[in-house]
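The structure appears right after this line, and notes come after that.
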Amino acid sequence: MKNVLILILIFAMVFSFVTPLKVFAEESNDKVLEGVILKVKELLDISNDYDGFVSRVNSYNNEMNFFLNWTDSNEVLPDISVHTDSKGNIISFDKYERNYLEPTTKLPSYNKDEALKFALEFIGKVDPKIYKEIKLKTSSNPINTWDRNYSFNFIRVINDIPYTENTIHINVDMHTGDITNYYTNWEKDLDFPKAENIISLENAKEAYIKDIGLKLVYKTNYRYPRLMDTNSESKYYLAYSYIGERKGIDAFNGKVINLSNRGIYTTANEKAMAEDSAAGGAPIITPEERGEIDKLVGIKDIKEVEKKAREIFQLDSNYRLQNHNLYTSWQNPDDFFYNLSFIKEAEKYQNVEVSLDAKTLELINFYKYRDIEANSKPSIKKAEALEMAKDYIKKINPDKIEKVEYIENSMEDNQQSYYFNFIRKVDDIYVESDNISIGVDAVNKEINSYNISWYKGEFPSRESIISIDKAYEVLFEKVGFNLNYISIRSNDKTQSKNDVKLVYSVNQDKPTIIDAKTGDILDYSGKPYKENKIPSYTDIEDSYAKDKINTLSEYSIGFSTDKFNPKDKIKQKDFLYLLWKSVNPYRNETEADSDVIYKELIRQNIIKVEEENRDRVVTKEEAVKFIIRAMKYEKLAEISNIYKDLFKDQSDIAPNLKGHMSIAYGLKIINGDGSGLIRPKYELLREDAASIIYNYMFN
């Protein structure tokens, strides 16, 4: 131990830029580390049989942390890594089994409730104080057959009010019950205001409506298009949502509090990748191809584009054109723009990035960079910089200045640079993805960046939309609006910790996007928001496959209704839905999304186009055919003359499915009826289908 500690101290001295030497001298860190090691070994039952140990020390803001790692050269014991503070409080723990034995069954040895008990016992053991302030964050995420661990997430709760910035993540091995990973994100010495003399929830809602509010917004579901997308359907949908930074209501005075340190994110250059394709035979230009070719008519020569860019920014010959590229606009596919990069290699590095419309030479965006000394003081304040930004829009886009609205952000005054975002409005409806953004260099008093994103197509009609009152009803009742503790950056620059505020705010676990037509909550692609739910049924008590159906439910394999209808015959679309869910447990499509599911299953060759018959009842041999294809065993199954006649009714099996049935029987995916018959033409009940899917997954 003594030699190890000497090595640790030598290591620390070498890296004294991380931990000042005077800290070691004053605090006698060898004794501190020794105490931490002993405490951790006792808490985590770490064996004395380890023959490898290294540690690392790091000090930040006078808080010392240790990183400890135990290894066994014989690779019998698991590797253990622990991160603690100077008092031995465990911040993180990892255990890695070098010789992990594959379990004999794919089914967990412990259920989720048992694993949760192990997790809570571990947390209570390593930090009783934290244990008293946590609440399990409920999750309906399904189990995956590839998972080895159950994962649990906890949030901090003070006075029954959540503080979601502080969390615990812990993993429990499904088969051994061991804790394999533990991580805390926990702040100390925070002052949590008591929920006394606060405004009521109803008053907070009124304040939210009055001072923050939902806005009618055109949102796009086409923010990241793929080249293969050919759907001409409108990219935009109409929704009630919020604009700008996330805000809440102070629980004590009812005033607005900015809950985000970030402004609206915009992309300066939206770029699409091009790809080539070739076809056999004598090539001709089809009308569709001609249409794409014609789009390129009128694109300017790069020399003319470069000349225009130099004129706009008065770039002399000292600025060298480093590169240039031509892109298709993602927002308006018929438009193209050039992106040019100029560089000036002088005493102070400078470069200019410029994008111009490839046909009209309209300025799309630019960014200018020059080195600025860290201690340089701004020559203008935020208000003057904002006026510069507005004047620049009037100069560059005089026809658009009345069509945009400045969205206030949380920038402070006296910065070296400012960033302003102006959002487009069409008939008083915000267009979230359309904006003009301006960057201002406050030291040199100049515009240093500009970007415009502007859709040229038609927007959906605002007819038959729900009222704003209905939207608020959905927001408050279905999305959620409650008391929360929120960490806010302190205005006191000398403070290293944040201020904790008590606020009423919108639930962040669901998107704040409400369909203006239907009132549904939408996800960020514009589709109805769906939560992963573990299916639960009320009609399977008398089913022979009850346990198998319930197990499949834990893996999110099941139907979206509370009825399984186990005695009904199963249709092709429902069997394939169960099979599809077995290989896509994290997808949230339901059986109503048959078109999507069939498209993917056909692409994966699990079903062929000519076999599609969604309402047809599935027979045993058909079910086996689909499963063997899902297992990628079909080529093996199609080998002729190698499979024995295993069943009395072998002749009833379709000749091309003899191998499929033999493999499925050998893998115990299907069983005979006890009399030597396999009954290939038997029409499956829904409980039979569940049993077969279960056998496929877990046998």
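The values are calculated or read from the model by the stated rules, or taken from the named source; none is laboratory data. Please read all numbers here as calculations on a predicted model, not as lab measurements. Note that each Cβ is placed from the backbone with ideal geometry, even for glycine, and that neighbours are counted across all protein chains shown. Quick note on the areas: whole protein, heavy atoms, side chains included, nothing else; ligands and nucleic acids left out. Shrake-Rupley method; radii C 1.70, N 1.55, O 1.52, S 1.80 Å.
Within straight-line reach of Lys210, meaning a Cα separation under 13 Å, sit the following aspartates and glutamates at least 8 residues removed in sequence or on another chain: Glu202, Asp469. Using amide H atoms built in the peptide plane, which far-off residues or other-chain residues are under 5 Å from Ser433 H to H? Amide H neighbours of Ser433, under 5 Å, 5+ apart: Thr220. At a probe radius of 1.4 angstrom, the accessible area of the chain per residue rounds to 56 square angstrom. Please work out, to two decimal places, the log10 of the ratio I(q)/I(0) at q = 0.11, 0.14, 0.25 Å⁻¹ from a Debye calculation in which every Cα of the stretch 336-427 carries one identical scatterer. These q points yield log10 I(q)/I(0) values of -0.44, -0.71, -1.27. A protection proxy built from the mean count of other Cβ atoms within 10 Å ranks the segments 48-57, 553-562, 116-125, 634-643, most packed first, as 553-562, 116-125, 48-57, 634-643.
Building the convex hull from the alpha-carbon atoms of the chain and averaging its projection over directions returns 43.0 nm². Given R0 = 51 Å, the distance between the Cβ atoms of Ile401 and Ser73 translates into a calculated FRET efficiency of 0.10. Between Thr561 and Asp523, the modelled label-to-label distance comes to 2.3 nm, taking each label 7 Å out from Cα in the direction of the beta carbon. Phi angles across the stretch 152-168 convert, under the Karplus curve 6.51 cos²θ - 1.76 cosθ + 1.60 with θ = phi - 60°, into 3J(HN,Hα) values of 10, 10, 10, 10, 7, 10, 10, 6, 6, 10, x, 10, 6, 5, 9, 9, 10 Hz, Gly and Pro given as x. Using the Cβ-Cβ distance between Arg320 and Asn185 with R0 = 41 Å, the FRET efficiency computed as 1/(1 + (r/R0)^6) comes to roughly 0.30.
Three principal axis extents describe the C-alpha atoms of the stretch 294-335; from largest down they are 36, 18, 17 Å. For the stretch 639-645, backbone phi angles converted through the Karplus equation (6.51, -1.76, 1.60; θ = phi - 60°) give residue-by-residue couplings of 5, 8, 6, 10, 9, 6, 7 Hz, Gly and Pro being listed as x. The stretch 350-407 and the stretch 47-106 have Cα centres spaced 52 Å apart. By the helix-only formula, in which each DSSP H run with n ≥ 4 contributes -39500 (n - 2.57) and the sum is divided by residues, the chain has a 222 nm mean residue ellipticity of -7500 deg cm²/dmol. Of Lys308/Lys359; Lys112/Lys530; Lys548/Lys681; Lys135/Lys470; Lys599/Lys632; Lys106/Lys599, which ones are farther than 21 Å apart at the Cα? The answer is Lys112/Lys530; Lys548/Lys681; Lys135/Lys470; Lys106/Lys599. When the C-alpha to C-alpha distance is required to be over 31 Å, the pairs from Lys194/Lys215; Lys344/Lys381; Lys344/Lys382; Lys527/Lys608; Lys571/Lys635 that qualify are Lys194/Lys215.
Spin-label pair Leu677-Ile468: with each label point 7 Å from Cα along the Cα-Cβ axis, the two points sit 7.1 nm from one another. Measuring nothing but protein heavy atoms, the accessible surface of the stretch 394-491 at 1.4 Å probe radius is 42 percent carbon and sulfur. Which residues among the stretch 29-53 fall inside the zone where the amide N is under 13 Å from a point 7 Å beyond the Cα of Lys125, along Cα→Cβ? Within reach of a label on Lys125, which here means backbone N under 13 Å from a point 7 Å along Cα→Cβ, the stretch 29-53 contributes 40-47. Taking amide hydrogens as placed 1.01 Å from N in the peptide plane, the amide H of Ser109 sits under 5 Å from those of His175, each at least 5 positions away in sequence or on another chain. For the listed peptides 143-153, 189-199, 616-626, 679-689, a ranking on the average number of other beta carbons within 10 Å per residue, highest first, reads 616-626, 679-689, 143-153, 189-199. Extending 7 Å from the Cα toward the beta-carbon at both Thr145 and Lys569 defines two label points whose distance is 2.8 nm.
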